[in-house]
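The structure appears below as structure tokens.
The values are calculated or read from the model by the stated rules, or taken from the named source; none is laboratory data. This one's a predicted model, so the numbers in the text were calculated from it and none came from an experiment. Cβ placement follows ideal geometry from the backbone for every residue including glycine, while neighbour counts extend to all protein chains displayed. All accessible areas refer to the heavy atoms of the entire protein, side chains included, with ligands and DNA or RNA removed. Shrake-Rupley method; radii C 1.70, N 1.55, O 1.52, S 1.80 Å.
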Amino acid sequence: MDKWTPRLAFALLLLGFTEFVAWQQAATYSLVDWLAVLAIYAALSTALLDALARWYTHPWSSVLLVGGVFGLAHSSLITLSVHHNLPVSVLFYATGLGTLMFLLAFQSFRFLYCGAFSLQWLYGLTPIIGFLVGVWLHWVPEIRTAGVNVPSLGDSLPYIVAMLLLPALLIFYLPLPRRIEREDWLLQPLEWGAVGVVLGSVVVLRLPHFTLLSTTILGVILAILLLMLWFAHRTLPSNPLFLPIAPTQQRIIRWVVMFVPFSVVAWVAYQLPGDFQAIVLFGAVAAFGVLWPPIVSIVISFQAFIEMGREEF
């Protein structure tokens with residue numbers, strides 16, 4: 001059980017950031033829908049953690065590549081947002097928004113459970129994220145192709161805070177391992193079978209939404225991301241995944257206190273007139289989705305070239 005607790009915590013963080021911080025379809029889910037969404041996130045997050053542990057080489061490039069895989073899966077199988085306005089939607093929702101939410105979830109996991117970041121990072125980024133959330137909740141319904149139904153900030157903010165507090169509470173009520181090593185996140189054959197049944201069922205149910213164009217674009221990008229993960233693992237120096245688990249009560253308290261400035265700044269951003277901030281935000285998300293894959297590819301290729309040169313001499 002203690003090996004599955006971190007997986008569950010990460011799945012909840014991923015759900016909290018992707019479904020509530022980057023609010024898209026959460027207001028439309030029924031109770032049955034939420035049960036299905038929870039099962040999908042549990043299966044998807046465990047599969048992605050297996051991929052991260054299996055092909056891990058660098059704390060940023062590896063997480064970015066796995067985050068890109070999550071963005072593709074989330075936008076094509078859960079929200080279906082990637083199937084509208086291709087190929088821009090791939091850059092905005094898949095390699096852009098989805099990847100960003102995966103990064104936030106994974107780094108939040110490292111802060112809560114591993115103490116990987118200082119308080120300066122926590123309280124420095126919190127107002128920025130709160131501002132972006134306020135802008136997003138105000139203006140994302142204006143994206144016509146997304147068909148997003150977002151409640152007012154007063155209705156949505158309590159759910160955002162609650163879903164980001166829940167993983168922190170798991171520290172006190174569920175057993176945790178002392179550390180996470182590569183083998184702890186690798187799935188066994190029976191576990192892969194269960195994950196495959198869940199994700200396979202989702203793919204079958206979502207097939208009517210796929211077109212030849214969307215399938216081709218998603219397949220090519222997915223193949224490139226997985227190839228880069230594999231290539232980096234095969235050519236760069238071995239750097240196995242290792243996460244020391246050391247949660248503290250003080251860190252949880254600070255995580256809770258963080259939501260005060262987060263909520264205040266989100267409310268201020270939500271009230272701002274004009275759409276300039278929304279244009280900047282949406283443009284920045286799209287630019288991130290465009291830029292990071294080639295940059296990561298160039299960095300990995302350059303590092304591999306240097307490593308092969310060292311081996312020759």
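Remark: spin-label model distance Phe302-Gln120 equals 2.5 nm, labels positioned 7 Å along the Cα→Cβ axis. Over region 33-126, accessible surface divided per residue gives 29 Å², non-protein components excluded, 1.4 Å probe. Between Ile180 and Leu243, Ile245, the built amide H atoms are under 5 Å apart, and every one of these is 5 or more places off in sequence or on another chain. Listed values for region 19-29 are Karplus-derived 3J(HN,Hα) couplings in whole Hz (6.51 cos²θ - 1.76 cosθ + 1.60, θ = phi - 60°), namely 8, 10, 5, 9, 4, 10, 10, 4, 6, 9, 7, and x replaces Gly and Pro. A crude spin-label estimate for the pair Gln249 and Trp230, with each label 7 Å from Cα along the Cβ direction, gives 5.0 nm.
For region 59-87, list residues with backbone N below 17 Å from a point placed 7 Å from the Cα of Thr216 toward its Cβ? Residues 83-87 fall inside that zone.
Estimated from helices alone, the mean residue ellipticity of the chain at 222 nm is -22000 deg cm²/dmol (sum of -39500 (n - 2.57) over DSSP H runs with n ≥ 4, per residue). Rolling a 1.4 Å probe over the heavy atoms of the protein chains gives region 244-313 an accessible area of 62 Å² per residue.
Our coupling estimate for region 291-299, obtained by passing each phi through the Karplus curve with A = 6.51, B = -1.76, C = 1.60 and θ = phi - 60°, is 8, 5, x, x, 5, 4, 4, 5, 4 Hz, Gly and Pro reported as x. When the alpha carbon gyration tensor of region 43-181 is reduced to an equivalent ellipsoid, the three semi-axes, largest first, read 27, 21, 14 Å.
For Ala116, the amide hydrogen comes within under 5 Å of the amide hydrogens of Phe111, counting only partners 5 or more places away or on other chains and with H modelled in the peptide plane. What's the center-to-center distance, using Cα atoms, between region 28-57 and region 182-250 in Å? Each part reduced to its Cα centre gives a spacing of 10 Å. Volume of the convex hull of the chain (Cα atoms only), normalised per residue: 143 Å³. Note on surface exposure: Phe305, Phe259 rank Phe305, Phe259 by accessible area, highest first, 1.4 Å probe. Using the Karplus relation 6.51 cos²θ - 1.76 cosθ + 1.60 with θ = phi - 60°, the per-residue 3J(HN,Hα) values for region 261-278 come to x, 4, 5, 4, 5, 4, 5, 5, 5, 5, 8, 5, x, x, 10, 4, 5, 5 Hz, with x marking Gly and Pro. Over region 217-308, the Kirkwood radius and the radius of gyration, each from Cα atoms, give a ratio Rg/Rh of 1.14. Taken over region 184-256, the percentage of Cα pairs per 10 Å bin, counting from 0 up to the bin with the maximum distance, is 13, 22, 31, 25, 8, 0.
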